[in-house]
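The values are calculated or read from the model by the stated rules, or taken from the named source; none is laboratory data. Fair warning: this is a prediction, and the values are worked out from it, not measured in the lab. Positions of Cβ are backbone-derived with ideal geometry, glycine not excepted, and every protein chain shown enters the neighbour counts.
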Amino acid sequence: MRCPVENPAARHAATLAALALAGCAPPSSDGGDTISAEASSSPASDASTGLASSTGGPLGPDDGTVTFYRDVLPIFRKHCTACHSPDNIAPFSVHTYEAAWPWRQAIAAAVEARTMPPWLPSPGCNSYTNDASLPGEDIATVLAWVHEDGPRGDIADAPPPAGDPATGLPRVDLVLSAPEDYVPSGSDDYRCFLLDWPHETPTYITGFHAVPSNLTLVHHVIAYRITPDRVATYEQLDADDPTPGYPCFGGPGGAESNPGAGLWLGAWAPGGVASPYPEGTGLAMDPGAKVVLQIHYNTAAGDGGADRTRVELMLAESVEREAFMLLWADLDWVGGNMPIPAGSPDTVHTWELDPTLVMDFLTDIVPVNSPFLIHAASHHMHTLGTVANHEIVRKGGDSDCLLDIKHWDFNWQRAARFTAPIRFQPGDVLRLSCQWDNTAGTKDVNWGEGTSDEMCLGVYYVTNP
Ligand code: HEC
């Protein structure tokens, strides 16, 4: 028995095994991938006759039943096929009935648990322009469809394909590309590429979009600005490694991979749409600076080939309000005082401070003791992280939630862009809290840049009001 899965060697072997046990046969698959549901004890086997008809049969479109073509495919096209289609990062496709049907139970579980589509911020905290989560009514539709064992419906009911959604920037002024093709090795390969910045006058980045050439491999891309004074360190890292780029994890690499070493210019994960930075704002790049592209390659759904990721940027010679990436972490943690003991299932570290008191140490863009605007937030931990929260606690005691993550997943880091900027007033505090699970660990863990170290870091896109 074989299921029509593009890459059965996916990471989620347990899920795949469970599906195989449940009998993962589409009832009306007509391709070579047809498999019998004989091993099945699921309702799939006895429903197969009724569902085999391409015109709907007893569960057709006329009786009000939720069908794949009329009701479910539009949802999948909008929220899933950016990753779940052939030659893409997800281990199976949902772009056709035959491809999606065998996965219906896993799909129900994933959308109900809100683990798919991947979007870490939990609802009820803040609202985001790039919220990728599935609306409640769409979850209900998918669950109803699976509950009826996945009626096919009439293909004529399918909405016309919308074509590729516009994912790029409105204008591309500069393309920076990794210098050569790279074939990742191992199942997870974190690679950094050092790229030259061509402009000889100060320039502002006003929009960011990463474009991998091989979507089956690239799990996330983070671009860091390397200021001219640090360039030599990164050139050395690059020179020390004979392969293209150099290995790095959790940052731009090397012993300097701490907050402040490289400022985030932008981050991307599959399905991510480029958006310009807020109107009139941008991040400054000085002549002589460089860009490090950190790419997380995951080979589980990979085609064995190479990738050469490029970054498309929108630029401006001047902006009304220069933005900066406020990196937020307790310096005490960074100094090695963030213990996560071996065996602990739920270590929490929380820290709060009014950044306006120390703004002159952080940037020369926003003056000390002055209000500022936060436009977007990203969170960063490593792989032991479980829960994270970012909030502003107001002088009067109220609080405003910026970003709340109940199920951290290192693989799905991306910025959450606020629907409306949130104003920080002197006297408020910015509170950051992280939780980790080190139950399986045999060693105490602390702040550091290695795969087995941890971090707890907020990254905010900030401007003057
Ligand atoms: C941003 C890319 C992306 C989007 C969008 C996405 N998926 Fe996934 N999905 C993946 C990847 C990659 C995997 C493989 C496991 C992993 O890496 O988490 C996966 C795994 C799954 C699995 C296997 C079980 C599991 O939870 O790991 C199911 C089921 C699933 N996706 C359903 C969906 C559905 C349904 C949608 C749309 C409503 C969707 N996904 C949207 C990337 C995506």
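Would you list the helices (runs of 4 or more DSSP H) that sit entirely within segment 62-158 and hold 1 or more residues that are within 10 Å of the ligand (Cβ to nearest atom), β-branched (Val, Ile, Thr) and touching a residue at least 60 places away in the same chain (Cβ under 8 Å)?
On the way: elements: 73-79, 97-100, 104-112, 136-147.
Counting at least 1 such residues, we get 73-79, 136-147.
Any idea which residue in segment 159-189 is modelled with the lowest pLDDT, counting only those that are surrounded by 12 or more Cβ atoms within 10 Å (Cβ to Cβ) and part of a strand (DSSP E or B)?
Among those residues, the one meeting the criterion is Asp188.
Given (1) under 24 Å from Val445 (Cβ atoms); (2) within 16 Å of the ligand (Cβ to nearest atom), where does Pro252 come up short, assuming only one miss?
Result: Pro252 fails condition (2) only.
Can you name the condition, by its number, that Pro135 falls short on among (1) out of contact with any strand residue (DSSP E or B) (no Cβ under 6 Å at 6 or more places or on another chain); (2) assigned by TED's automatic domain parsing to the domain that holds Thr216?
The number of the failed condition is (2).
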